[in-house]
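All remarks here apply to the structure that follows.
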Amino acid sequence: KNQVEQSPQSLIILEGKNCTLQCNYTVSPFSNLRWYKQDTGRGPVSLTIMTFSENTKSNGRYTATLDADTKQSSLHITASQLSDSASYICVVSDRGSTLGRLYFGRGTQLTVWP
Amino acid sequence: EADIYQTPRYLVIGTGKKITLECSQTMGHDKMYWYQQDPGMELHLIHYSYGVNSTEKGDLSSESTVSRIRTEHFPLTLESARPSHTSQYLCASSKDSTEGQPQHFGDGTRLSIL
């Protein structure tokens, strides 16, 4: 069964600290992996997209890594800010159909305290 | 910021009413999607469209219906709302090929059926 599992479910850190969020998936055949940020009451916003051949991709203070062999990804946030408080969703796309079916994780709820 | 808009943002309405959730995008994207999201849970695809006059049901069974008469417009309709329809509904769009292309999400409609 194709699945996307994220950990931890929730995380609280102090402003200025770094953190790493994890994503494990069983989706096959793999096409790409995406990380989205979803602020409370808003729609998800794309942070990074990585294909099979990409190991690392950065977007400002966000750095995503991908290990396609172990089917694991991480999202590292550097020097956290209060505005980083949000849910971070891992999404994996397969190559099994023209649509490129997306499998969503349940997200990690990050809270940054001052 | 992505140019995709959903109205209304919030709707509280009684059982049995007919509801239409609006979604419009100004990016000229062919592919559009409707997702349902409950608190702390993953997004579930309920409808998608490849283009004008194309609509398909998603993975999660839904009593709602959609139409795609114009590229930019993808409304979702519930003929007779029930409390079980209470949820957040997110609309998204993407370029013709989803390979490596992000989905752009609206900010959602939070629907409460009394």
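More than 12 Å from the chain's Cα centre (by Cα) and among the polar types (S, T, N, Q): which single residue out of B:GLN101, B:GLN36 fits that description?
When all the criteria are applied, what remains is B:GLN101.
Among (1) more than 11 Å from chain B (Cβ to nearest Cβ); (2) part of a loop (DSSP other than H, G, I, E, B), where does A:THR40 come up short?
Against the list (1) more than 11 Å from chain B (Cβ to nearest Cβ); (2) part of a loop (DSSP other than H, G, I, E, B), A:THR40 comes up short only on (1).
Would you check if there is a residue in region B:97-111 being surrounded by 20 or more Cβ atoms within 10 Å (Cβ to Cβ) and away from chain A (no Cβ under 11 Å)?
Within region B:97-111, one or more residues are surrounded by 20 or more Cβ atoms within 10 Å (Cβ to Cβ) and away from chain A (no Cβ under 11 Å).
Please enumerate the residues belonging to region A:31-73 that are more than 15 Å from A:GLY105 (Cβ to Cβ), at pLDDT below 95, surrounded by 15 or more Cβ atoms within 10 Å (Cβ to Cβ) and among the polar types (S, T, N, Q).
Hits for region A:31-73 are A:SER31, A:THR51.
State yes or no: is A:THR48 part of a strand (DSSP E or B), of a type in the set (Val, Ile, Thr), more than 13 Å from chain B (Cβ to nearest Cβ) and touching a Ser or Thr at 6+ places or on another chain (Cβ under 8 Å)?
no
Report yes if B:TYR89 is part of a strand (DSSP E or B) and crowded, with 21+ Cβ neighbours inside 10 Å, otherwise no.
Yes; evaluated as a whole, the condition is true for this residue.
Among the residues of region B:19-65, write down those that are surrounded by fewer than 18 Cβ atoms within 10 Å (Cβ to Cβ) and of a type in the set (A, V, I, L, M, F, W, C).
B:MET27, B:MET41, B:VAL52, B:LEU60, listed by residue number.
The values are calculated or read from the model by the stated rules, or taken from the named source; none is laboratory data. The structure presented is a predicted model; accordingly, all values stated were derived computationally and were not measured. Every residue, glycine as well, gets a Cβ built from its backbone with ideal geometry; the counts of neighbours run over all protein chains shown.
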